[in-house]
Amino acid sequence: MESIQKRVMTLKDDRTKLCNEVWAGVKVIKCQAWEDSFLRRIETKRTSELRQLRTYLIARAVSNAMSNGLPAFTAVASFGLYVLLGHALDVSTALTSLALFNILRLPLLKLPDMVNAILEAQISLDRLRDYLLEPDRALVTSGGLSMPGVAWANATLDVPGAPTP
């Protein structure tokens, strides 16, 4: 589950970065008529993300289905093991055990969700750690331009067809 969720988060990050790139350069994209190209790239990334998310949700559904059957399985397995160890299963022992299993039912139902929450928290903490440990980025300055890039001296500029002042 952890590796699947990491993959989902990575794909989501890739798509988000591309969307941010598109929003940052929307004027250029519109002027160059690159909308379709970028839309296809975003859709491709979103399709990959949804495919991985589907795998994650299927695994989570299987986990939830198993957790719903866990209390009953625990009771049956415990009774079976008790009998296999040579003890006699009488009514008082069975009812006392069922009462105990009923008390433990809610914690057993919540166990898979807690494990999943711990995995999600670990992934989030890993991502935060990686982000915080990245090296600082150097500021981009205009530099020390001492000479202009283009200079005109004694130039006459004329636009053909424009009225003369």
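What follows draws every value from the coordinates through simple rules; no lab data is involved. Please read all numbers here as calculations on a predicted model, not as lab measurements. Cβ placement follows ideal geometry from the backbone for every residue including glycine, while neighbour counts extend to all protein chains displayed.
Remarks
- Per-residue Cβ neighbour rank within 10 angstrom, fewest leading, 137, 7, 40: 137, 40, 7
- A cut-off under 14 angstrom between Cβ atoms defines the neighbours of residue 68, and their net charge, with Lys, Arg +1 and Asp, Glu -1, is +2.
- Computing FRET efficiency as 1/(1 + (r/R0)^6) for residue 14 and residue 122, where r is the C-beta to C-beta distance and R0 is 25 Å, gives about 0.75.
- Lysine pair count for the range 2-132 with Cα-Cα distance under 29 Å and sequence separation of 8 or more or different chains is 12.
- Computed FRET value (nearest 0.05) for residue 35 with residue 106, which takes r as the C-beta separation and R₀ as 45 Å: 0.30
- Cα radius of gyration and Dmax for the chain (Å): 32.2, 114
- Rough spin-label spacing in nm, given labels placed 7 Å along Cα→Cβ, for residue 82 and residue 68: 2.7
- Fluctuation leader among 151, 24, 33 - the chain, Gaussian network, Cα springs under 10 angstrom: 151
- Extreme residue, positive dipole direction of the chain, given options 112, 86, 11 (C-beta unit charges): 86
- Three-way shape label, the range 1-84, alpha-carbon gyration tensor, a/c 1.5: prolate
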